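Below: one structure, written as C-alpha cells.
The values are calculated or read from the model by the stated rules, or taken from the named source; none is laboratory data. As the structure is a computational prediction, the values presented were derived from the model and not from experiment. Here the Cβ positions follow ideal geometry from the backbone for every residue, glycine too, while neighbour counts run over all protein chains shown.
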Amino acid sequence: MAAIDVETFTTGQIGLWNGTQDGKDGIVDYKKGKQAPRRISCQGAGLLEGRSDQPGPRPVAHVDRDLPNAIVSLQCALGKDKADNLLKRHKRWAQVNLWRPIGRPVVKWPLVFANHDAIPDWDYDTHMARVYSVNDPRIADRGGKSHNCILIDDERYAYHYASNVAPDEALVFFSFHSDPKMVLPHGAFWDNKTPDDAPPRRSLEVRCFVFFDDDVV
Ligand SMILES: [Fe+2]
C-alpha cells in the first residue's frame, strides 16, 4: 500500500451548485437528456464538458442522500416496517460508502472530498441544493430518490483527495449521516495534472446502511 503524501497539491475543477436561471429548484429530465424545464448551472460545468467519460464518474460535488432520501432508500431496501422499526430504535445512523479502483490505479477523475469542518452551521438544508429528477432510469438499480443533493459553493471548504489510489486500497466515508457534521460531500474532479494518455477511471462502490447501538432506545 502506498504511503500517504500530505504535501502533494494540485489544481482542478469540479461542478458546484450555482442556482437556476429563474431562481427556482433545478430539474433534470433523463428522458430528454438535458435539464428541463429549468437549466441548472454548476460552476465549472462548461469546462468539464467533453472531458467526462460518460457514463462514468460524476464531476459534481454532492452527498448521496439527505434525510428524506435516506429514509426512502432504507424503506426500499428493507421494507417499510423494518426500516421504520430501525429508525425508531436508533437516533444515529448513516450510509457508508466503500470506494476502490478496479484493475489499475485511478489517475483520471479521482475522487475528492469537501471538508466542511470550517463551516460550523453546515447542514443539508443550508448548504446543499436539491435537484429533482424526472424519468430517472437509475431508480431500478439504486431505489427511489426524489432529488439529488448538490453542493453549494463556499470558500471555506477544504478539498482533499488521494492521488493514484490503487486497486488494493479503498476509501471509506459517510455519504449520508443523521449528524450532518459527519457526512462528507464528494465527487469526481478534473485534475489539471492528468496526463493526456490517462486511461478512463474504473472503480466500484459498495454502499451500506449502519446503525449505531449507543443510542438504542
Ligand atoms: Fe456519491
* Inspect all residues belonging to the range 194-206 and state whether any of them is closer than 14 Å to VAL63 by Cα and touching a Gly at 6+ places or on another chain (Cβ under 7 Å). => no
* Asked: What pairs can you find where one residue is in the range 186-203 and farther than 19 Å from ASP64 by Cα and in contact (Cβ under 8 Å) with a residue 12 or more places away in the chain, the other is away from the ligand (no atom under 16 Å from the Cβ) and of a type in the set (Lys, Arg), and their Cβ atoms are less than 6 Å apart, with a gap of 6+ or different chains?
  -> TRP190/ARG51; THR194/LYS108; ALA198/LYS108; ARG201/LYS108
* Would you pick out the residues in the range 49-84 that are in contact with a Phe, Trp or Tyr (Cβ under 9 Å, 6 or more places away or on another chain), away from the ligand (no atom under 16 Å from the Cβ) and at pLDDT below 85? -> ARG51, ASP53
* Of the conditions (1) surrounded by fewer than 16 Cβ atoms within 10 Å (Cβ to Cβ); (2) touching a strand residue (DSSP E or B) at 6+ places or on another chain (Cβ under 7 Å), PHE211 clears all except one; give me its number. => (1)
* Asked: Assuming VAL131 fulfils every condition listed in (1) within 16 Å of the ligand (Cβ to nearest atom); (2) under 19 Å from GLN95 (Cα atoms) apart from one, which condition is it?
  -> (2)
* Structure fact -> Given the conditions (1) assigned to a loop (DSSP other than H, G, I, E, B); (2) touching a residue at least 40 places away in the same chain (Cβ under 8 Å), every one holds for SER133 apart from (1)
* Sort out which residues of the range 1-38 are modelled with pLDDT under 70, surrounded by 11 or more Cβ atoms within 10 Å (Cβ to Cβ) and farther than 20 Å from LYS145 by Cα, and write them in order of number. => ALA2
* Test: TRP109 is outside any strand (DSSP E or B), on the phi > 0 side of the Ramachandran plot and surrounded by 13 or more Cβ atoms within 10 Å (Cβ to Cβ) -> yes
* **Residue count for the range 175-205, restricted to those that are away from the ligand (no atom under 13 Å from the Cβ), assigned to a loop (DSSP other than H, G, I, E, B) and within 24 Å of GLN95 (Cα to Cα)** => 4
